[in-house]
1. Test of understanding: ordering D89, D141 by Cβ neighbours within 10 Å, fewest first, what list do you get?
2. Quick one: which residues, 5+ away or cross-chain, put their amide H under 5 Å from the amide H of A173? H built at 1.01 Å from N.
3. Out of residues 5 or more away from K72 or on other chains, whose amide H comes under 5 Å of its own, with H placed 1.01 Å from N in the peptide plane?
4. Within region 68-102, name every residue whose backbone N is under 17 Å away from a label modeled 7 Å from Cα of Q11 along the Cβ vector.
5. How large is ³J(HN,Hα) for each residue in region 109-119, as worked out from phi by the Karplus curve 6.51 cos²θ - 1.76 cosθ + 1.60 (θ = phi - 60°), to whole Hz, x for Gly and Pro?
6. Build a GNM of the chain with springs between Cα atoms under 10 Å: which of R134, R22, R40 gets the top mean-square fluctuation?
7. Using the 10 angstrom Cβ neighbour count as an exposure proxy, how do I180, I37 rank, fewest first?
8. Return the calculated 222 nm mean residue ellipticity for the chain, to the nearest 500 deg cm²/dmol, obtained by summing -39500 (n - 2.57) across DSSP H runs with n ≥ 4 and dividing by the residue count.
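What follows is calculated from the coordinates using simple rules that are stated; it is not laboratory data. Worth saying up front: this structure is predicted, and the values here are computed from it rather than measured. Here the Cβ positions follow ideal geometry from the backbone for every residue, glycine too, while neighbour counts run over all protein chains shown.
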Amino acid sequence: MNQCASPGCRQVVVAKRAQDPRDPRRSSYGPSSPYEIPSRFCEKHTCAYFWKAAGCTAKKAHHDSVCPMHTKCPITGCNLGRLQVLDVDSEETTPQYIRYELCGEHKCSIPNCPEEKAQSEGRNGFLPFCKKHRCHYPLCDQKKLDGRPYCMKHKCKAETCQMVMEDGFTLCALHVVCEIPGCKTTKALDKNSKDYLKWCALRESTLPMYGDAGQSILTAPRYQV
Ligand SMILES: [Zn+2]
Ligand SMILES: [Zn+2]
Ligand SMILES: [Zn+2]
Ligand SMILES: [Zn+2]
Ligand SMILES: [Zn+2]
Ligand SMILES: [Zn+2]
Ligand SMILES: [Zn+2]
């Protein structure tokens, strides 16, 4: 049984199974089997990257999850440390910390989301949210509505519609068109309520001429000219 290489530590080293039995790192003095690759350290002092294929052999501080080399944010040019949070599942008596893959600047602003912030189109820099959480409207920096592609500002105002608003309207390309079959004109807007009417301005203003069109038209709100 090998003892942890950290001075003063009396724990036994941990080991992982060698994927390849000819792996030169495997050891015949490993804790249990010759097909295991031993760490130089115990569980408390072994970097989380030891368990990955490359196998980090550096020592980590007890309270951290990785060695100093692996604390750095992987984004090119970033010198910040990967965001650290208290490990609430730890059963240790002293506070233990786990790390996100990225630093606080590059991680999505949603607290539990580990994803990278989305790159902003056109401008340099990042949006506050990741690809999964950002509004899909170009250059918008808002969070999208849950389960919808757009934020409140860019979503069609029709209740269950998932589409983006047309430029200059609060409805999507489908909902903004007059509901008279074959008519391609946009719906008229009620000047008082600012709500869209069912039909275009022409149809609304000439309504009496279409008196035989049916009950629904006669009971529909009238467009004020
Ligand atoms: Zn140790
Ligand atoms: Zn490491
Ligand atoms: Zn970073
Ligand atoms: Zn996110
Ligand atoms: Zn938006
Ligand atoms: Zn719509
Ligand atoms: Zn129309």
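1. On the way: D89 7, D141 14.
Going from sparsest to densest Cβ surroundings: D89, D141.
2. Amide H to amide H, under 5 Å and 5 or more residues apart or across chains, A173 pairs with E166.
3. Long-range HN contacts for K72: R82.
4. What the label zone holds, given the 17 Å backbone N cut-off, is 68, 87-99.
5. Using θ = phi - 60°, the values come out as 6, 6, x, 8, 8, x, 5, 6, 4, 6, 6 Hz.
6. R22
7. Values: I180 16, I37 19.
Listed from fewest to most nearby Cβ atoms, that is I180, I37.
8. Calculated mean residue ellipticity at 222 nm is -1000 deg cm²/dmol.
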